[in-house]
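Q: Here it is, the structure in full.
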Amino acid sequence: MEVILSQLPDFFRPYSGPMLLVALSLILSAFAIQSRLLPRPVRPLDGSTLERPTKSKLSVKDVLPEVTIEPVDPNFDWKKEEPAPYRPFKNAPYRVNMAIQRADPQNIIVIENSYLKSTKLRERIMNERADISMACHPSAEAALKELYCTVTDFLMKRYPMYFHVKENGATFYNKIKDESFPLDPASEDRLEVLKFLGRTIEEDFIILLKNGEKGELENEYVWRAGVSCYPNGFVPGEKFNKPLTAIHGPVPQYLERLKVSMNKFFERLRVNEFVVRYNWSMQAHTNIFAPSMNHGTRTAASVKPLSPEDLDFNKVFMRVEKQCFTRLPKTKADVMFIRTYTTPVTKIKAENRAEDFCGAIDGLSDGFAIYKNKVLWGDAVKAYLKGESSGLTEEVYDFDIFEAQLNGELMKK
């Protein structure tokens, strides 16, 4: 044995060169594979750098660990909380994809300085436009009441200085609005539960259930309940009890690019998982309740472009939807929260984002240019951003879209 061992180095010496190269190649290959799998820095919407979360090893059927909701700072003052400055546009061609990312569970629902006026406006919309702004199919009643408990529990944990249980232990109290609602909605009518939620948070919400009654599309998720006070160019009442494919019928390339991935997304969404996506559009009017006008349905040739000289750009808005998704633990219903932000074009220009936004406008082409009404407002907005026109006024001022619509007329169907 000692003789054999002593001869091993001489035996391998002729192969040391090739073996070294093979070993080096294997090491480099492993490093390349690892570098692809490791999380890479991504650029979030605010321009900072974050680490992409590593993929979960849980299967799509598993429940993720429960999230602990942390209270805001004790000195938090909702009146001083400015709306989040989301700017999801890019100086590039518009791409059709879901563009989802992980969401911070602490910010699924937020309280900002628009809260009081916005929730009062929502109350008015639900009272005057109940037929198109809210609905609940009987199949979604259990999910709706579970969502009510989820939202009120979140608010009491996240904002304990404004939301808490009253002394009797059976009432949820909203200090900002001085309103009380039942803590347990079990015995409440489902439409009343919709109103309780709709006037307590600024977020619209949609409950989606897998499949539907006979005759509906197979393997589709159906809009079974929700409140939609801030529709963006569609009539919510016409979307209730419709599957996703029918709801997104007007969206260009939905069938070809998004239908399969969207249904798979809702199928795979897990309990205690929170994801978010953003989209942007434009409107040259002052209605945040906008069941019409924001989307084009005609050919580009039939739309008369707006003149920049006819517009007050303090009242021309980039409209952003923050769409958050999660799954309820008991009923397993999927929920979508939609928070709508309107930012005047004057502010985008003041932020020195004019070049980027012009690039985003130019990036809208073909079907999406029509769908987003680019032909109507595109040239006028670009003229303002480039300094070619000041519009009706050079004065820059704050316009309160909630107060204006709260005290004005609501847009008709």
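Q: Please find, among 373, 352, 294, the residue that is at positive phi and at pLDDT below 95.
A: Step by step, each of 373, 352, 294 is checked, and only 373 is at positive phi and at pLDDT below 95.
Q: OK, next. Just the residues that are in contact (Cβ under 8 Å) with a residue 24 or more places away in the chain and either farther than 19 Å from residue 342 by Cβ or of a type outside the set (Lys, Arg) (or both), please, taken from region 117-128.
A: Within region 117-128, the first condition is being in contact (Cβ under 8 Å) with a residue 24 or more places away in the chain, and the residues that meet it are 117-126, 128.
If the condition is that a residue be in contact (Cβ under 8 Å) with a residue 24 or more places away in the chain and either farther than 19 Å from residue 342 by Cβ or of a type outside the set (Lys, Arg) (or both), then 118, 119, 121, 123, 125, 126, 128 are the ones that fit.
Q: With the requirement that a residue be modelled with pLDDT of 90 or more and within 18 Å of the chain's Cα centre (by Cα), what does region 223-235 give you? Don't jump to the end; show me each part of the working.
A: Of region 223-235, the ones modelled with pLDDT of 90 or more are 223-232.
Selection gives 223, 225, 226, 227, 228, 229, 230, 231, 232.
Q: Search region 84-116 for residues being of a type in the set (Val, Ile, Thr) and under 15 Å from residue 336 (Cα atoms), and hand back the single one that is surrounded by the fewest Cβ atoms within 10 Å (Cβ to Cβ). Walk me through how you get there before you give the answer.
A: Going residue by residue through region 84-116, those that are of a type in the set (Val, Ile, Thr) are 96, 100, 108-111.
Restricting the remaining residues to those that are under 15 Å from residue 336 (Cα atoms) gives 100, 108-110.
On the way: 100: 14, 108: 24, 109: 19, 110: 19.
Ranking the qualifying residues of region 84-116, first place goes to 100.
Q: Of all residues in region 170-185, which are within 26 Å of the chain's Cα centre (by Cα) and part of a loop (DSSP other than H, G, I, E, B)? Step through it out loud before you land on a result.
A: Keep residues of region 170-185 that are within 26 Å of the chain's Cα centre (by Cα), which gives 174, 176-177.
Scanning region 170-185 gives 176, 177.
Q: Separate question: Output the number of the condition that residue 123 fails; it satisfies all remaining conditions of (1) touching a strand residue (DSSP E or B) at 6+ places or on another chain (Cβ under 8 Å); (2) modelled with pLDDT of 95 or more; (3) under 23 Å from residue 236 (Cα atoms).
A: (1) is the only condition that residue 123 fails.
Q: Another question, if that's okay. Residue pairs, Cβ under 6 Å, 6 or more apart or interchain, first in region 393-413 and over 25 Å from residue 234 (Cβ atoms), second surrounded by 11 or more Cβ atoms within 10 Å (Cβ to Cβ) and charged (D, E, K, R). List them.
A: Qualifying pairs under 6 Å: 393/312.
Residue by residue, here is whether (1) part of a helix (DSSP H, G or I); (2) among the charged types (D, E, K, R); (3) surrounded by 14 or more Cβ atoms within 10 Å (Cβ to Cβ) holds:
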site	(1), (2), (3)
139	yes, no, yes
156	yes, no, yes
164	no, no, yes
168	no, no, no
187	no, no, no
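Q: Now a separate question. If residue 305 satisfies all but one of (1) modelled with pLDDT of 90 or more; (2) surrounded by 14 or more Cβ atoms within 10 Å (Cβ to Cβ); (3) on the phi < 0 side of the Ramachandran plot, what's the number of the condition it fails?
A: In the conditions (1) modelled with pLDDT of 90 or more; (2) surrounded by 14 or more Cβ atoms within 10 Å (Cβ to Cβ); (3) on the phi < 0 side of the Ramachandran plot, residue 305 misses (2) alone.
Q: Here is a list of conditions, (1) under 30 Å from residue 74 (Cβ atoms); (2) modelled with pLDDT under 95, and residue 131 meets all of them except one; can you say which number that is?
A: (1)
Q: Considering only region 99-113, how many residues are under 18 Å from residue 323 (Cβ atoms) and either part of a helix (DSSP H, G or I) or of a type in the set (S, T, N, Q) (or both)? Please lay out each step first, then the result.
A: Taking region 99-113 and keeping what is under 18 Å from residue 323 (Cβ atoms), we get 99-110, 112.
If we keep only those that are either part of a helix (DSSP H, G or I) or of a type in the set (S, T, N, Q) (or both) too, we end up with 101, 105-107.
So the count comes out to 4.
Q: Let me ask something else about it. For region 191-211, check the following and say yes or no: at least one residue is surrounded by fewer than 17 Cβ atoms within 10 Å (Cβ to Cβ), modelled with pLDDT of 95 or more and either farther than 22 Å from residue 324 by Cβ or of a type in the set (D, E, K, R) (or both). Working first, answer last.
A: Within region 191-211, the subset surrounded by fewer than 17 Cβ atoms within 10 Å (Cβ to Cβ) is 191-192, 210-211.
From what is left, the residues that are modelled with pLDDT of 95 or more are 191-192.
Filter again for either farther than 22 Å from residue 324 by Cβ or of a type in the set (D, E, K, R) (or both), leaving 191-192.
Yes - at least one qualifying residue is present in region 191-211.
Here is a yes/no grid of residues against (1) within 30 Å of residue 104 (Cβ to Cβ); (2) buried (at least 20 other Cβ atoms within 10 Å of the Cβ); (3) touching a residue at least 60 places away in the same chain (Cβ under 8 Å); (4) touching a strand residue (DSSP E or B) at 6+ places or on another chain (Cβ under 7 Å):
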| site | (1), (2), (3), (4) |
| --- | --- |
| 284 | no, yes, yes, no |
| 309 | no, no, yes, no |
| 316 | no, yes, yes, yes |
| 330 | yes, no, yes, no |
| 349 | yes, no, no, no |
| 356 | yes, no, yes, no |
| 363 | yes, no, yes, no |
| 367 | no, no, yes, no |
| 378 | no, no, yes, no |
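Q: Check region 156-166 and report whether any residue there is modelled with pLDDT of 95 or more, aromatic (Phe, Trp, Tyr) and touching a Pro at 6+ places or on another chain (Cβ under 6 Å).
A: Here is the first cut: in region 156-166, the ones modelled with pLDDT of 95 or more are 156-165.
Pick out the ones that are also aromatic (Phe, Trp, Tyr) and you get 159, 162-163.
Among the residues that remain, those that are also touching a Pro at 6+ places or on another chain (Cβ under 6 Å) are: none.
For region 156-166, residues modelled with pLDDT of 95 or more, aromatic (Phe, Trp, Tyr) and touching a Pro at 6+ places or on another chain (Cβ under 6 Å): absent.
Q: When region 216-235 is examined, which residues are found to be surrounded by fewer than 24 Cβ atoms within 10 Å (Cβ to Cβ), within 20 Å of residue 295 (Cβ to Cβ) and out of contact with any Pro (no Cβ under 7 Å at 6 or more places or on another chain)?
A: Listed by number, the residues that qualify are 232, 233.
Q: For region 307-344, which residues satisfy the criterion of being charged (D, E, K, R), over 19 Å from the mean Cα position of the chain (by Cα) and not in a helix (DSSP H, G or I)?
A: Keep residues of region 307-344 that are charged (D, E, K, R), which gives 309-310, 312, 315, 319, 321-322, 327, 330, 332, 334, 339.
If we keep only those that are over 19 Å from the mean Cα position of the chain (by Cα) as well, we get 309-310, 312, 315, 330, 332.
Across region 307-344, the qualifying residues are 312, 330, 332.
Yes/no per residue for (1) more than 17 Å from the chain's Cα centre (by Cα); (2) farther than 27 Å from residue 347 by Cα:
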site	(1), (2)
73	yes, yes
81	yes, no
84	no, no
87	no, no
94	yes, no
100	no, no
112	no, no
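Q: Could you run through region 189-202 and say how many residues are in a loop (DSSP other than H, G, I, E, B) and either in contact with a Leu (Cβ under 9 Å, 6 or more places away or on another chain) or over 22 Å from residue 161 (Cβ atoms) (or both)? Step through it out loud before you land on a result.
A: At the first step, the residues of region 189-202 found to be in a loop (DSSP other than H, G, I, E, B) are 189, 199-202.
Now drop any that are not either in contact with a Leu (Cβ under 9 Å, 6 or more places away or on another chain) or over 22 Å from residue 161 (Cβ atoms) (or both), which leaves 189, 200-201.
Total satisfying the criteria: 3.
The values are calculated or read from the model by the stated rules, or taken from the named source; none is laboratory data. Values in this document were obtained by computation on a predicted structure and should not be read as measured data. Every residue, glycine as well, gets a Cβ built from its backbone with ideal geometry; the counts of neighbours run over all protein chains shown.
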